[in-house]
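Asker: Attaching a single structure in structure tokens format; questions to follow.
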Amino acid sequence: MEEKKMTERESLELITAMITRTRQRYIGDGNILLMWGYLTVIVTALVWIMLITTHNPAWNWLWFAIGVVGGIATPIMSKKSDLKSGVKSYSDKITSQIWTTVGLASVVATLFCVGFGLKGFNAWGMMFAIPLMIVPMAEIAQGIIVKEKSLIVGGAIGLCVGLFTLSLATCACSSTGSCRCS
Amino acid sequence: MKELDPILHSQLRLAVMSILMNVEEADFVYLKEQTESTAGNLSVQLDKLSNAGYITVTKGFVGKKTRTTCQVTEQGRKAFEEYVEALKGYLNL
């Protein structure tokens, strides 16, 4: 492409062509999403198994592994991804803000659990709401933004499973009359 | 009829602005690939857009390599919208 004058029609055609090219959305290689997905599933399963088998609430400290491992890996992986694509779209920005919100919600939830713990209450069971509800909802939101069906369907399935699991946990708590359901 | 903005009414500068209007930011290599231009020519045109206040050009380092990132400014966004409106007038759209 050279620097040359154009007719009005050529200008309009050029604008349309460039917009079409840019709109060929860049989803990325999905490695960051996969990393968070695997990390959340592994830690959630690990916490659940350890709580069931040992009945020791200290295993809830494992929740921190999600934030620590994910928090270190994400900036490294996203830097590589940005460099590869060479462009940052508005959907990238919104997606980043959604997951930052999820991360902050996790931090706040953790602080509440620690706070309640210091007062002698066990509120760690609430942490299951993050992987079971908040993460699938963020996944659906991202799927809608980048128009990726697998994210929408995967998130919807995750949300249904999460709601079902929380319903079961609530029923179990109601029947025993105990708030110590972690 | 309103005159077309001479800064924008040029093939390569208009292509760059059209891309930047649709993204948050784009780097030099991406713009070069999308516009199929030469590095020298693109560099000159980016300077012209930057001097007009239509884009901001940020130069940084990633490791040992330099990375030039471009973003459209509010002034550039307004100029582009006015340019498109003027085009519509010329083409009776």
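A short reminder: the numbers here are calculations on the coordinates, not readings from a lab. These numbers come from a predicted model, not from an experiment. Heads up, the Cβs are rebuilt from the backbone with ideal geometry, glycines too, and the neighbour counts pull from every protein chain shown.
Asker: Restricting to Cα pairs below 8 Å that are 6+ residues apart, what does the relative contact order work out to for region A:26-176? Please round to a whole percent.
Answerer: Value for region A:26-176: 19 percent.
Asker: Region B:11-85: percent of C-alpha pairs farther apart than 18 Å?
Answerer: The calculated P(r) of region B:11-85 puts 33 percent of pairs beyond 18 Å.
Asker: Amide H neighbours of B:Arg67 under 5 Å, at least 5 residues apart or on other chains, H built in the peptide plane: list them.
Answerer: Correct list: B:Gly60, B:Phe61, B:Val62.
Asker: Take each complete run of DSSP H in chain A, measure how far its Cα atoms stretch along the helix's own axis, and keep only those covering 30 Å or more with mean Kyte-Doolittle hydropathy at least 0.0; list them.
Answerer: Qualifying helices, which must be both long enough and hydrophobic enough, are A:31-54, A:64-85, A:90-118, A:149-176.
Asker: Show me A:136-144, A:162-170 ranked by packing, highest mean number of other Cβ atoms within 10 Å first.
Answerer: A:136-144, A:162-170
Asker: Is there a simple number for the mean count of other chain Cβ atoms within 10 Å of the Cβ of residues in A:12-19, and what is it?
Answerer: Working: counts 7, 0, 6, 11, 1, 3, 11, 4.
That average works out to 5.
Asker: Mind checking the angle between helix B:11-20 and chain B's longest principal axis? C-alpha axes, 0 to 90 degrees, to the nearest 10.
Answerer: 70
Asker: In terms of modelled amide H atoms, which long-range or inter-chain residues lie less than 5 Å from the amide H of B:Ile55?
Answerer: So B:Ile55 has HN proximity to B:Ser50, B:Thr73.
Asker: May I ask you to list the trypsin sites (Lys or Arg not before Pro) in region A:53-146 that are in a DSSP loop and have at most 12 other Cβ atoms within 10 Å of their Cβ?
Answerer: Those that pass, being in a loop and sparsely packed, are A:Lys119.
Asker: Report the relative contact order of chain B, percent, no decimals, based on alpha-carbon pairs under 8 angstrom and at least 6 residues apart.
Answerer: So the answer I get is 34 percent.
Asker: I'd like the mean, over residues of B:6-12, of how many other protein chain beta carbons sit within 10 Å of each residue's own Cβ. If you can, show how the numbers build up before the last one.
Answerer: On the way: counts 1, 0, 2, 4, 6, 9, 5.
Shielding by partners across B:6-12 averages 4.
Asker: Using the Cα centre of the protein assembly as shown as origin and beta-carbon charges of +1 (Lys, Arg) and -1 (Asp, Glu), tell me which of B:Leu93, A:Ala123, B:Leu8 is placed farthest towards the positive end of the dipole.
Answerer: A:Ala123
Asker: While we're here: With n ≥ 4 as the cut-off for DSSP H runs, can you work out [θ] at 222 nm for chain A, using -39500 (n - 2.57) per run divided by the number of residues, rounded to the nearest 500?
Answerer: -25000 deg cm²/dmol
Asker: Taking the Cβ of each residue in B:Tyr83, A:Tyr38, B:Tyr54 as the centre, tally the other Cβ atoms inside 10 Å and list the residues starting with the fewest.
Answerer: A:Tyr38, B:Tyr83, B:Tyr54
Asker: Additional query: What fraction, in whole percent, of alpha-carbon pairs in chain A exceed 25 Å separation?
Answerer: Above the 25 Å cut-off, chain A has 47 percent of its Cα pairs.
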